[in-house]
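To start, the structure itself, in structure tokens.
Just so it is clear, none of the values below were taken in a lab; they were calculated from the coordinates. What you see is a predicted model; the values in this text were computed from it and never measured. Cβ: placed from backbone, ideal geometry, glycine included. Neighbour counts: every protein chain shown.
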Amino acid sequence: FGFMLLLALVVNPLLRAIRLIAPLNRGETMTVFAALFVSAGISTFGLAEQLVPLVAAPFNRNWNIPQAHWDSDVLPHLNKALYITDTEAIQQFRSGFPEATDLWTRIPWGLWARPIALWLIFVFAIYLLFYSLSGLLYDAWAHREKLVFPLARLHEAGLPPEAEGKGVVPEVCRTGAFWVGF
């Protein structure tokens with residue numbers, strides 16, 4: 001959000017003032033905002049918190065106990081290429097390294113590269129699906145429906161006006177309610 005605010009309130013007005021490079025127009029700024037919203041989910045909640053532990057979960061010795069029946073009910077049905085199967089590496093991942101010095105060389109990247117790459121294909125396919133659905137639905141939603149297209153209207157209020165005489169600061173930023181909410 002900080003980058004979006006910086007882009008709309010500082011970078012674009014600066015580009016408009018120095019006139020060396022053309023500032024981003026409304027459509028380009030909206031595209032950057034939508035891409036930032038979607039990509040924010042990849043590195044935070046979606047990927048780092050959920051996917052990385054999932055790659056090491058099924059073959060974890062602490063969870064795969066005889067009472068859970070994972071050996072007979074779960075593991076035969078999994079694609080082993082999507083998970084780390086080395087129990088020693090899983091145990092090391094779960095317990096962590098005793099000291100954080102030279103961490104990048106101590107991580108077994110060879111074990112993690114293939115499962116993470118295969119899961120990323122799936123993640124990017126889902127995001128491509130979301131972008132495609134937005135592209136298909138936007139025109140009908142924006143021009144024929146009475147409901148506001150949510151991803152577009154939120155950013156549109158923060159863009160500076162297109163007319164040159166109205167100033168460079170968006171009108172919504174001139175209200176006290178905006179800054180109280182911010």
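Points worth noting:
- Each peptide among 121-134, 77-90 gets the average number of other Cβ atoms lying within 10 Å of its residues, and from highest to lowest they stand as 77-90, 121-134.
- The range 46-121, relative contact order in percent, only Cα pairs under 8 angstrom and at least six apart counted: 39
- Label-point gap, in nm, between Leu128 and Val10 - each point 7 angstrom along Cα→Cβ: 3.6
- Per-selection Kirkwood Rh - the range 15-130 (Cα, Å, 1 d.p.): 17.6
- Length available on full extension from Phe178 to Trp104: 0.36 nm per residue minus the Cα-Cα distance, which gives 22.3 nm.
- Computed label-point distance, nm, for sites Arg94 and Val32 using a 7 Å Cα→Cβ extension: 4.6
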